[in-house]
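The following block contains the structure, expressed as structure tokens.
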Amino acid sequence: MNKSDYISMKYIKRILGVTAAMLTAVTIQAQTYNDSVRTNTWSIYAQGGLSTYSVVRSTLFDDSKKTIAPDLGIGVKYNIQPWVRIGLNVGYTMVKSTNRDLASSTVETPNFIIGDYPGTLVTYTTNFQDRNNMHLLGADFNLDFNLLNMVLNRKHSQFNIWLGVGIGYIHGWNRNSTVDAVKEVAIAGGTPDDTYFNVYTHDYINSNVGNRSLNTMYVPIQLSAEYDLTPRWTAGVYGLYRDMLLDKELSPSSILSGGLLLRYNFVDKRVKSNKKLYYETLEKLNSALSELMKTDAQLEESEKNATELGEMLAKQKSNNKLLRDEVSNCIGDHIVYFNLNDTQLTEQEKIHLMEYIERVKLSEEYSLSLVGEASADGTPDANQKLSEGRLASVTDFLNANGISSANIQTKAAIGDSQQGFDPKYRRVTIHYNR
């Protein structure tokens, strides 16, 4: 590799290193954003749009003439986790039907007296408007799931798709109004010899109004796409389907609506948006790269010094290995003695054992084998327990002073093993293995 290739590779490594560090910082900040905005936080919202309906369970409504009506809603949500939230929604919409088809009828009434003479009254009725307006006000509890977080397990994003379902209660006020044009005509004559007739005509408008109410349960299913403009403000679109569970008079089988929504999140305004995080990170990356370019000469000198230092360290490491090998050859075994019927290390033995431990630590690769013993004083069971206790005391002391359990290959407590009463058998023998 020539010098130019070496320098290019060096810069690539630096850029990758700085980029990895910045991405790690962004991930940490993103997770902080997610925790701050969508974990244990409240929000309020308003939404509005238009609605239509399916068949209304009433003969008053002409479903072929159904119209579009306003749809409004307000509510509160609580984010439990970034992928789930609960809430309460209050909504208003209308169900309207207007029949403008003309309907006519004719009714004849005999013996209608005009003046002094009877005649026949003919009533012509023309219905030219039949209108139904029903106002619906409902409230429901709902549970929403963030589909993108559930499927992709994202750490952070401003765009989210929520699917919600719930149960609610709705009350409706229906007003039915009809308007008829009525014309009454009657003609009455005198005796056959009379030469005149009495004529009666009357034109008027007849209107009727009826009021009825509705109470029923419903299931709301809402799908919304939402985007965080800032950590506090969210905008989006929604589609809402209300299914009327019970077959009740005046209730539509379902209502379909859609529109826009605006949400306010109760979070710390200091939480940074994705866009701001991106530009701050980019600025830090550019600054870091500029500093790397400025100090290139210093880095090259440092690399040269590092190479010389590495050679010195390698030489020193070789010398240390030779020294450790010499020390290892001189370490050998060690015996820890105990008092009669005692498993605790004496102060003198602790001093000797610490000296031994310091020598052992100079070795790189080694293992120890421990054997605990007792003199023949006492019963064999008691002596076995003594040897076990002494072995445990030495093991604990070794571990507490830097000898890992991984370096202790074997441990054995052999009791008195038919040995004599000599105090030298009250011991733990440490065998050093290279």
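Residues checked against (1) at pLDDT 80 or above; (2) open to solvent by 80 Å² or more (accessible area, probe 1.4 Å); (3) within 21 Å of Leu148 (Cβ to Cβ):
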position	(1), (2), (3)
Lys3	no, yes, no
Tyr11	no, no, no
Ala30	no, no, yes
Lys77	yes, no, yes
Ile80	yes, no, yes
Asp101	no, yes, no
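Still on this model: What number of residues in region 230-268 are open to solvent by 80 Å² or more (accessible area, probe 1.4 Å) and free of Cβ contacts under 8 Å to residues at least 60 places away in the same chain?
4
Taking region 47-103, which residues are within 26 Å of the chain's Cα centre (by Cα) and either hydrophobic (A, V, I, L, M, F, W, C) or not in a strand (DSSP E or B) (or both)?
Ile74, Val76, Ile80, Pro82, Trp83, Val84, Ile86, Leu88, Val90
Looking only at region 369-390, decide whether some residue is closer than 30 Å to Lys317 by Cβ and in contact with a helix residue (DSSP H, G or I) (Cβ under 7 Å, 6 or more places away or on another chain).
Within region 369-390 (the criterion being closer than 30 Å to Lys317 by Cβ and in contact with a helix residue (DSSP H, G or I) (Cβ under 7 Å, 6 or more places away or on another chain)), the answer is no, since none of the residues qualifies.
Continuing with this model, one more query. Can you pull out every residue in region 137-151 that is assigned to a strand (DSSP E or B) and open to solvent by 30 Å² or more (accessible area, probe 1.4 Å)?
Within region 137-151, Leu137, Ala139, Phe141, Leu143, Phe145 qualify.
May I ask you to list the residues in region 388-422 that are in a helix (DSSP H, G or I), open to solvent by 70 Å² or more (accessible area, probe 1.4 Å) and in contact (Cβ under 8 Å) with a residue 24 or more places away in the chain?
The initial filter retains those residues of region 388-422 that are in a helix (DSSP H, G or I), namely 388-400, 405-407.
Retained after the next criterion (residues that are open to solvent by 70 Å² or more (accessible area, probe 1.4 Å)): 388, 396, 400, 405-406.
Within region 388-422, Glu388 is the sole residue that qualifies.
Moving on. From the set of residues in region 315-364 that are at pLDDT below 80 and of a type in the set (Asp, Glu), which is nearest to the chain's Cα centre (by Cα)? Steps first, answer last, please.
Keep residues of region 315-364 that are at pLDDT below 80, which gives 315-331, 363-364.
Restricting the remaining residues to those that are of a type in the set (Asp, Glu) gives 325-326, 364.
Values: Asp325: 59, Glu326: 62, Glu364: 50 Å.
That would be Glu364.
Give all pairs with beta carbons closer than 6 Å in which a residue from region 339-362 that is farther than 23 Å from Asn433 by Cβ meets a residue that is of a type in the set (Ser, Thr, Tyr) and crowded, with 17+ Cβ neighbours inside 10 Å; count only pairs at least 6 apart in sequence or on separate chains.
Here the result reads Thr343/Ser393, each pair linking region 339-362 to a residue that is of a type in the set (Ser, Thr, Tyr) and crowded, with 17+ Cβ neighbours inside 10 Å.
Further question: Tell me, please, whether a residue that is in contact with a Phe, Trp or Tyr (Cβ under 6 Å, 6 or more places away or on another chain) and of a type in the set (D, E, K, R) can be found in region 152-170.
Within region 152-170, not a single residue is in contact with a Phe, Trp or Tyr (Cβ under 6 Å, 6 or more places away or on another chain) and of a type in the set (D, E, K, R).
The values are calculated or read from the model by the stated rules, or taken from the named source; none is laboratory data. The structure displayed is predicted, hence computed values, not measured ones. Don't worry about glycine lacking a Cβ; one is built from the backbone with ideal geometry, like all the others, and counts go over all protein chains shown. To get the accessible areas, we keep the full protein, side chains included, count just its heavy atoms, and leave off ligands, DNA and RNA. Shrake-Rupley method; radii C 1.70, N 1.55, O 1.52, S 1.80 Å.
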